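A.B. asks: Got a structure here, written out as structure tokens. Questions coming.
Every number here is computed from the coordinates shown, using simple stated rules; none is lab data. Note that the structure is a prediction, hence the values are computed from the model and not measured. Note that we place each Cβ from the backbone using ideal geometry, even for glycine, and neighbour counts take in every protein chain shown.
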Amino acid sequence: MKKGVSGMLGSSAVIFVPDDTAKTGLAQPLLLVPALGAPLLRWLANSLCAEGVGRFFLVCHDRYIAQARACFPAEAEVVTGIEHDPSDLLHVFLSTAEDSEAEVTVVTGAAMYLPQLASYANAPRPSCVRRVSREAMMAALDERFSFVQVLRENGAVLSDCDGFYSVETAAAAAEAATLLRRNQALALLKAGVEIFDWNSCYISPSARIKPGAKLLPGASIRGDSVIAEGAVIGPWSVIDTCTIGADTRVNASQVSRCAVGKNVQIGPYCAIGAADSDAPQGSIGDDAVISPNTTLSAPICVENGAKITPEDLLLAQQNAKLNRAQKKK
């Protein structure tokens, strides 16, 4: 595989999540161990989706299936099978792939896909990822051949030259954060996102940041947040599961579960929304201004062009108390 050539991974992948807890001594499989706040499997799934893989067959012990399934993007097609007998489902999955897809990507253990860090400096280091003939896999399932043997005989092992790195120990999983952060930063910089200090920034693997956006030191982009072009986040701001519109500025503030429009000014020192997943999604209209030191709790609905200050909120609270007192008389 050539470095940087999109689409070489095909559109389908088979991912095994082996129960390696006895080997590692961890409470969960290595692929489900968190790195930078998200399981390794989530990093892998999102990086594969970014390269055009949209169909996944997931093989996992039933005790981990819900946790593993949650690692895939909402737009991905995911078929799940338990470890004991996924053969029939896998055959259907393979047979419904595109006719032009001769090979399928197969992941048999904990791995990272870091295309920005593909290395040619040394001898290739093989990973637990292969490109395998789809027809050979289907034939093996029909004849009940050894799946491991089919992988060995019909699969091309991918290595760090292709951007794939195996994670074989708990220590390696702990060290993965540095590589994941570097690969992510390089990809965003190449796409046109300006990151002033990537060592102090955090970006969720499922976040989407558009070209032209700027992340100042200390910016933390969490969950499935989407940051539009021209937006400036930071310094020291937290965006948690939000959409941030074009040319919006969030300065030293925290915004959670909110759809923020275009050309909005927030901060500094504002707290908006609630991180609780059960809280309703808030909204802030285009051209709104949320003045410094303002706290807005859910439910939030700010109209286009509105200006909100702490004094406005205090006055509204006082009026509400007065109205309640009058009703009691």
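A.B. asks: I want to verify a result. In a Gaussian network model of the chain, Cα cutoff 10 Å, which of these has the top mean-square fluctuation: ARG182, ARG152, ARG134?
C.D. replies: Of ARG182, ARG152, ARG134, the Gaussian network model singles out ARG152 as fluctuating most.
A.B. asks: Given labels modelled 7 Å from the Cα in the Cβ direction, how far is it in nm from ASP99 to VAL289?
C.D. replies: 6.2 nm
A.B. asks: Give me the distance in nm between label points sitting 7 Å out from Cα along the Cα-to-Cβ direction at ASP276 and GLN67, one decimal.
C.D. replies: Result: 2.6 nm between the two label points.
A.B. asks: Picking from PHE56, PHE196, PHE164, which is most flexible by a Gaussian network model of the chain using Cα springs under 10 Å?
C.D. replies: With Cα springs under 10 Å in the chain, the top fluctuation among PHE56, PHE196, PHE164 is at PHE196.
A.B. asks: For the range 21-30, just list the computed ³J(HN,Hα) in residue order, Karplus coefficients 6.51, -1.76 and 1.60, θ = phi - 60°, integers in Hz, with x standing in for Gly and Pro.
C.D. replies: Values per residue, Gly and Pro as x: 5, 5, 6, 8, x, 8, 7, 8, x, 4 Hz.
A.B. asks: Please work out which option in [x] 20.8, 69; [y] 20.5, 65; [z] 23.6, 86 gives Rg and Dmax of the Cα atoms in Å calculated from these coordinates, and answer with its label.
C.D. replies: So the calculated entry is the one marked [z].
A.B. asks: Below 14 angstrom from the Cβ of PRO292, what's the summed charge of the other residues (Lys, Arg +1; Asp, Glu -1)? Don't jump to the answer; show the numbers that get you there.
C.D. replies: Working: positive: ARG249, LYS307; negative: GLU311, ASP312.
Net of charged neighbours comes to 0.
A.B. asks: A further question on this structure: For LYS23, go through the aspartates and glutamates and keep the ones whose alpha-carbon is under 12 Å away, minus same-chain ones fewer than eight residues off.
C.D. replies: GLU168
A.B. asks: Near TRP198, within a Cβ-to-Cβ distance under 13 Å, what is the net charge of the other residues, with Lys and Arg +1 and Asp and Glu -1?
C.D. replies: Working: positive: ARG181, ARG182, LYS190, LYS214; negative: GLU194, ASP197.
Net of charged neighbours comes to +2.
A.B. asks: Sticking with this structure for a sec: Calculated from DSSP H runs of 4 or more alone, at -39500 (n - 2.57) each and per residue, what is the 222 nm mean residue ellipticity of the chain, nearest 500?
C.D. replies: Taken over the chain, the calculation gives -8000 deg cm²/dmol.
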